[in-house]
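To start, the structure itself, in structure tokens.
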Amino acid sequence: MSKTIVTYFSATGTTRRVAEKLAQEKQTDILEIKPVIPYTNEDINWQDHESRANVEGRDQVEVAMEPLDIRDYDDIYVGFPIWWYTAPRIIFSFF
């Protein structure tokens, strides 16, 4: 039997709800990808060129969790919001 995990990053809760629903339906493990410093609404304001999310688009984001041992899983779902037509930088840090 294969083992599956749903991993996700959610700044506002939308992706969290989808990930929780998927994990429940598939009866899988679930893991939240968390930044060391949580995001505020001001941090993800795409209209502010100096907002944290815009500035991070050029840098790595520190993840507040132990690395996932992918050898424990056959299938890994990764959920995240799309920021500026791509994944948030925290996803690249997670990978």
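Would you mind telling me which residue in GLN47, GLN24, GLN60 has the biggest mean-square fluctuation in a Gaussian network model of the chain, where springs connect alpha carbons within a distance under 10 angstrom?
Between GLN47, GLN24, GLN60, it is GLN47 that shows the largest mean-square fluctuation.
How far apart, in nm, are two points set 7 Å out from the Cα along the Cα-to-Cβ line at ILE70 and at VAL18?
Once both label points are built, they end up 2.1 nm from each other.
If packing is taken as the average count of other Cβ atoms within 10 Å, what order do 65-77, 9-21 fall into, highest mean first?
So the order, starting with the most tightly packed, is 9-21, 65-77.
What is the spin-label model distance, in nm, from LYS26 to GLU62 if the labels are put 7 Å beyond Cα along the C-beta direction?
Rounded to a tenth, the inter-label distance reads 3.1 nm.
Using only the C-alpha atoms of the chain, find the volume of their convex hull and express it per residue in Å³.
93 Å³
Taken together, the values in this text are just the output of simple stated rules run on the coordinates, not laboratory data. Bear in mind the structure is a predicted one, so any value in this text is a computation, not a measurement. Glycine gets a Cβ as well: all are built from the backbone with ideal geometry, and neighbour counts include every protein chain shown.
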